[in-house]
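Working notes, beginning with the structure itself.
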Amino acid sequence: MQKKQVAVIDVGSSKITAIIGERGVNKTFVIKTRMEYAYDGYADGEFFDEKVFTAHLNEISRKIVSLTHGKIETVFVGVPGEFSNVTVKESQISFPSKRKIKEVDVDALFDGGFAIHSQKSTLINRSAVVYELDDCRRLADPVGSQSGILKGKLSFITCDNYFIDLVNDSILNTGIKRVEFVSSSLAQALYLIEPEVRDRISVICDIGYISSTLTIIQGDGILYQTSFGFGGGYITAEIANKFDLDFSSAEKLKSKVNLSALSGNGCYSLIESDGEYYQTEHIKSSVIFSLDNLCEQITTSLDQSGYSLPEYVPLSITGGGISFIRGAREHLSNRLSMSVEILSPKVPLMDKPTESDVLSLLNLALEQ
């Protein structure tokens, strides 16, 4: 029996990644094809170069059709936080008498909980933070339980039609018949964080190259989400501007930084043969300056969320923006006065924060 194959496209803030894959043993993956395209990215809900973005999507879609001989007709596209919005609503339905709750009742609860009144967005995901029955029991799945009422704290995610239209126009003329839009933040939460941990409350900050998204999750739903302009590229730009370097050289210096190393009079070498050396502490100070700006944005985002987080809840960092800077996690933890952990997929050979987005999408697509 042939295994189910799916195609997913992750839209990052510096590159687009596409994967054709199937389920492996023990919840792992078998990657059949991987494609990556660097591009200028996005900020403030808009792409810097729409033509390049759509051209890449078009090429990816044609390759998917060609490589699978047209067998894959649906492509799953992850929607970044920049192009999505979260609305949390409470909903309730009552029954004439106590009875067993069915799937259709859960659908009715969601249908009565939210309606879109804007022509600028489309509902792409809906999930429950928690359900409650008439005996005040709170549970993650009410189907099969006896109750006279069904309550729910529900999370609805909409996507900007600007993003949907660009993607559909690029993909649906290639042989792909359908595009399934999925919140990247929700996919990450459901895949990377265990259900019993989510049931309490969790926080993920996905830090990319020029855009980051902070998400507060509970149960299977997103309580709060916000995006802001910050990423690894901001740190590179700070080094480049301060030392009058090109981005490539600034990236090389950034990769040498170890914030946990003891202070001293050492230097980082860029090109030894040309005698280009930079004081270690000067480079570290530039990185710390940028990370402190990140901490301010995280603090502001958490304050604006309106949620009070228990002290035991860590901030889970993922994405490639700062995860590979040695000592960055410890600096954030000290600066924010909270536990900070690096979140990555638990998959052999792919257990890197940079794989979080695309593997979360792949997992969700295979679960559909």
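Whenever a residue of segment 148-162 is under 19 Å from GLY219 (Cβ atoms) and of a type in the set (Phe, Trp, Tyr), its partners that are in a strand (DSSP E or B) and open to solvent by 10 Å² or more (accessible area, probe 1.4 Å), lying with C-beta atoms within less than 6 angstrom and at least six residues away or across chains, give the pairs PHE156/THR87; PHE156/ARG126.
The residue that is farthest from the chain's Cα centre (by Cα), counting only those in segment 156-214 that are aromatic (Phe, Trp, Tyr) and closer than 29 Å to ALA328 by Cβ, is TYR209. Evaluating SER94 against the criteria (1) crowded, with 17+ Cβ neighbours inside 10 Å; (2) more than 24 Å from LEU366 (Cα to Cα); (3) small (Gly, Ala, Ser) leaves one unmet condition, (1). Considering only segment 42-49, I want to know if a residue exists there that is farther than 22 Å from PRO353 by Cβ, among the charged types (D, E, K, R) and open to solvent by less than 80 Å² (accessible area, probe 1.4 Å). The answer is yes; a qualifying residue exists.
The condition (being touching a helix residue (DSSP H, G or I) at 6+ places or on another chain (Cβ under 7 Å), closer than 24 Å to ILE217 by Cβ and touching a residue at least 12 places away in the same chain (Cβ under 8 Å)) is satisfied by just one residue among THR122, THR87: THR122. Screening LEU259, LEU343, LEU291 for residues that are of a type outside the set (Gly, Ala, Ser) and at pLDDT below 95 leaves exactly one candidate, LEU259.
Of all residues in segment 297-332, how many are assigned to a helix (DSSP H, G or I), within 19 Å of LYS242 (Cβ to Cβ) and open to solvent by 10 Å² or more (accessible area, probe 1.4 Å)? Spell out the reasoning first.
If we filter segment 297-332 for residues that are assigned to a helix (DSSP H, G or I), which is where we start, we get 297-305, 328-332.
Then keep just the ones that are within 19 Å of LYS242 (Cβ to Cβ); that gives 328, 331.
Now drop any that are not open to solvent by 10 Å² or more (accessible area, probe 1.4 Å), which leaves 331.
Number satisfying all stated conditions: 1.
Restricting the search to strands (runs of 3 or more DSSP E) fully inside segment 117-218 and requiring at least 2 residues that are over 23 Å from THR87 (Cα atoms) and open to solvent by less than 40 Å² (accessible area, probe 1.4 Å) gives 146-160.
The rows are residues; the columns are (1) at pLDDT below 95; (2) within 30 Å of PHE247 (Cα to Cα); (3) touching a Leu at 6+ places or on another chain (Cβ under 6 Å).
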{"residue": "VAL25", "(1), (2), (3)": "yes, no, no"}
{"residue": "VAL79", "(1), (2), (3)": "no, yes, no"}
{"residue": "VAL106", "(1), (2), (3)": "no, no, no"}
{"residue": "GLY113", "(1), (2), (3)": "yes, no, yes"}
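List the residue pairs whose Cβ atoms are under 7 Å apart, where the first residue sits in segment 254-271 and is under 20 Å from ASN241 (Cα atoms), the second is modelled with pLDDT of 65 or more and among the polar types (S, T, N, Q), and the two are 6 or more positions apart or on different chains. Taking only residues 6 or more apart or on different chains, the pairs are LYS254/THR236; CYS267/GLN279; CYS267/THR280; TYR268/THR280; LEU270/SER249. The number of residues in segment 219-242 that are more than 19 Å from SER127 (Cα to Cα) and open to solvent by 30 Å² or more (accessible area, probe 1.4 Å) comes to 6. Looking only at segment 232-253, residues that are closer than 16 Å to SER14 by Cβ, touching a Ser or Thr at 6+ places or on another chain (Cβ under 6 Å) and in contact (Cβ under 8 Å) with a residue 24 or more places away in the chain come to 2 in all. Suppose the filter is of a type outside the set (Gly, Ala, Ser) and within 27 Å of ILE216 (Cβ to Cβ); does GLU59 pass it? So GLU59 does not fit the description; no.
Quick check: anything in segment 63-71 among the small types (Gly, Ala, Ser), open to solvent by 70 Å² or more (accessible area, probe 1.4 Å) and under 30 Å from GLN5 (Cβ atoms)?
Checking segment 63-71: at least one residue is among the small types (Gly, Ala, Ser), open to solvent by 70 Å² or more (accessible area, probe 1.4 Å) and under 30 Å from GLN5 (Cβ atoms).
Within the option set PHE53, PHE29, being among the aromatic types (Phe, Trp, Tyr), closer than 21 Å to THR174 by Cβ and open to solvent by less than 30 Å² (accessible area, probe 1.4 Å) holds for one residue only, PHE53. Looking across VAL358, VAL347, one residue alone is open to solvent by less than 10 Å² (accessible area, probe 1.4 Å) and either over 28 Å from ALA237 (Cα atoms) or touching a helix residue (DSSP H, G or I) at 6+ places or on another chain (Cβ under 7 Å) (or both). It is VAL347.
The values are calculated or read from the model by the stated rules, or taken from the named source; none is laboratory data. Note that this is a predicted model, so its numbers are computed, not measured. Glycine gets a Cβ as well: all are built from the backbone with ideal geometry, and neighbour counts include every protein chain shown. Please note that ligands, DNA and RNA were not included when accessible areas were found on the heavy atoms of the full protein model with its side chains. Shrake-Rupley method; radii C 1.70, N 1.55, O 1.52, S 1.80 Å.
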